[in-house]
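Heads up, the thing below is written out as structure tokens.
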Amino acid sequence: MTQTNSVTNDTRHAALGLTDERVVQMYEKMMLARRFDERGQLLQRAGKVNFHISGITQEPSQVAMAFAMDKEKDWFLPYYRDYAFVLSVGMTVKELMLSLFAKAEDPNSAGRQMPGHFGCKRLRIVTGSSPVTTQVPHAVGFALTAKMRGESSVSIVSFGEGSSNQGDFHEGCNFAGVMKLPVIFVCQNNGYAISIPFSKQSAGKISDRALGYGFPGIRVDGNDPFEVYRVFREAHERALAGEGPTLIEIMTYRVTPHSTSDNDMAYRTKEEVDAHRAKDSLPAFRSYLESVGLWSEEKEQELQANIRKELDEATEYGERAPYQAVEDAFRYVYAEDAEAGEVR
């Protein structure tokens, strides 16, 4: 497809109902998440922060699924690699940096939890917990509440393929299927549950498990964000129409170690990682925008400069921000007796 100065309706994004402005915003969020992730890794290596967990190459699919949701009405229960997702629904780089530095202003947990344990009341992001998959039954509960109240909202919950082998996943799917609840289950299958390859975790497709619970299961290529968007938009429409849940398995790959505490070369080869890194769909998304006349090298340079400035300011703020005071250590942990002024 050759580059043009004007865009016709003969484009993939227009066919999906995405405006030129929206599809450009998708790319900007993908790149912002990528650069934040890279900054997090650098900060950890420099000894500025203790821990970082990466989602590089998973950003395009995370942005696509976020853009298919309703930011004003839906409920979001992400997992720990979902930087691109939470940025797309409204979290800021400054807020993520406060979490990375474990500072008191961190809206996720006031610095109590490791990075990636998202939670933001104003954005309808439900607080996550360290035990994997516990967010699945919580998402089902939000969907049940929406149905009981007659609210037009959908809950979306994501997790890794290793997590899909936990009991919480199966119990959540079963209940949601029986009650035909407006919830979207998202398995981001990146090939490894820490050091265990998918072939040693599960037999068959994760998406096929939906059949046993009475609702559709779909496997989608995570390197095709337009197809990801289409699948999620349809799942969202099904949920709002009262047709129940959908299980979506995004096929992706984790090109980074599980976390900054992991040596991934102990269980896979550099050649394997490099082969998947070459399939990175972020440059391909940029090429698409260029081919339809929506992007240019000048715009790219401007975007990179703006992101760098935003990251630098957020990093400086996060590093200088105060830690939580010792006297506030048990705030929100115990209920306060308003009359006696004591905790109980």
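The values are calculated or read from the model by the stated rules, or taken from the named source; none is laboratory data. Given the structure is predicted, the values throughout are model-derived calculations rather than measurements. Every residue, glycine as well, gets a Cβ built from its backbone with ideal geometry; the counts of neighbours run over all protein chains shown. The protein model used for the area step is the full one, side chains on, heavy atoms only, and it has no ligands, DNA or RNA in it. Shrake-Rupley method; radii C 1.70, N 1.55, O 1.52, S 1.80 Å.
Per-residue answers, yes or no, for (1) in contact with a Ser or Thr (Cβ under 8 Å, 6 or more places away or on another chain); (2) in contact (Cβ under 8 Å) with a residue 24 or more places away in the chain; (3) farther than 26 Å from His13 by Cβ:
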{"residue": "Gly204", "(1), (2), (3)": "no, no, yes"}
{"residue": "Ser207", "(1), (2), (3)": "no, yes, no"}
{"residue": "Ile218", "(1), (2), (3)": "yes, yes, no"}
{"residue": "Glu227", "(1), (2), (3)": "no, no, no"}
{"residue": "Glu237", "(1), (2), (3)": "no, no, no"}
{"residue": "Gly242", "(1), (2), (3)": "no, yes, yes"}
{"residue": "Thr256", "(1), (2), (3)": "yes, yes, yes"}
{"residue": "Arg277", "(1), (2), (3)": "yes, yes, no"}
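Is the stretch 250-263 home to any residue that is of a type outside the set (Lys, Arg), open to solvent by 70 Å² or more (accessible area, probe 1.4 Å) and under 26 Å from the mean Cα position of the chain (by Cα)? Scanning the stretch 250-263 turns up at least one residue that is of a type outside the set (Lys, Arg), open to solvent by 70 Å² or more (accessible area, probe 1.4 Å) and under 26 Å from the mean Cα position of the chain (by Cα).
Scanning the stretch 296-327 for residues that are more than 24 Å from Pro283 (Cβ to Cβ), under 26 Å from the mean Cα position of the chain (by Cα) and buried (at least 16 other Cβ atoms within 10 Å of the Cβ) yields Ala314, Thr315, Tyr317, Gly318, Ala321. Within the set Val154, Val89, the sole residue that is open to solvent by less than 10 Å² (accessible area, probe 1.4 Å), at pLDDT 95 or above and under 14 Å from the mean Cα position of the chain (by Cα) turns out to be Val89.
Rundown of residues vs (1) under 22 Å from Leu100 (Cβ atoms); (2) touching a helix residue (DSSP H, G or I) at 6+ places or on another chain (Cβ under 8 Å); (3) touching a residue at least 40 places away in the same chain (Cβ under 8 Å), yes/no style:
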site	(1), (2), (3)
Arg39	yes, yes, yes
Ala68	no, yes, yes
Lys71	no, yes, yes
Tyr80	yes, no, yes
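Of everything listed in (1) hydrophobic (A, V, I, L, M, F, W, C); (2) open to solvent by less than 90 Å² (accessible area, probe 1.4 Å); (3) out of contact with any helix residue (DSSP H, G or I) (no Cβ under 6 Å at 6 or more places or on another chain), the single unmet condition for Phe330 is (2). Please work out if Ser61 is open to solvent by less than 10 Å² (accessible area, probe 1.4 Å), closer than 30 Å to Ala329 by Cβ and of a type in the set (S, T, N, Q). Taking the combined requirement at face value, the residue does not satisfy it. Every listed requirement among (1) farther than 20 Å from Arg233 by Cβ; (2) open to solvent by 40 Å² or more (accessible area, probe 1.4 Å); (3) under 22 Å from the mean Cα position of the chain (by Cα) is met by Gln41 save one, (2). Output the qualifying pairs, or none if there are none: Cβ atoms under 8 angstrom, residues six or more apart or on different chains, first residue in the stretch 102-124 and under 15 Å from Val49 (Cα atoms) and free of Cβ contacts under 8 Å to residues at least 40 places away in the same chain, second residue assigned to a loop (DSSP other than H, G, I, E, B) and open to solvent by 20 Å² or more (accessible area, probe 1.4 Å). Between residues of the stretch 102-124 that are under 15 Å from Val49 (Cα atoms) and free of Cβ contacts under 8 Å to residues at least 40 places away in the same chain and residues that are assigned to a loop (DSSP other than H, G, I, E, B) and open to solvent by 20 Å² or more (accessible area, probe 1.4 Å), the close pairs are Gln113/Ser130.
Quick check on my filter: what residues within the stretch 232-249 are in a helix (DSSP H, G or I) and buried (at least 18 other Cβ atoms within 10 Å of the Cβ)? Phe232, Arg233, Ala235, His236, Arg238, Ala239, listed by residue number. Residues that are at pLDDT below 95 and on the phi < 0 side of the Ramachandran plot were ranked within the stretch 201-231; the one that is surrounded by the fewest Cβ atoms within 10 Å (Cβ to Cβ) is Ala203. Here Gly172, Gly177, Gly167 are screened, and the one residue that is surrounded by 24 or more Cβ atoms within 10 Å (Cβ to Cβ), of a type outside the set (A, V, I, L, M, F, W, C), more than 27 Å from Phe285 (Cα to Cα) and at pLDDT 95 or above is Gly172.
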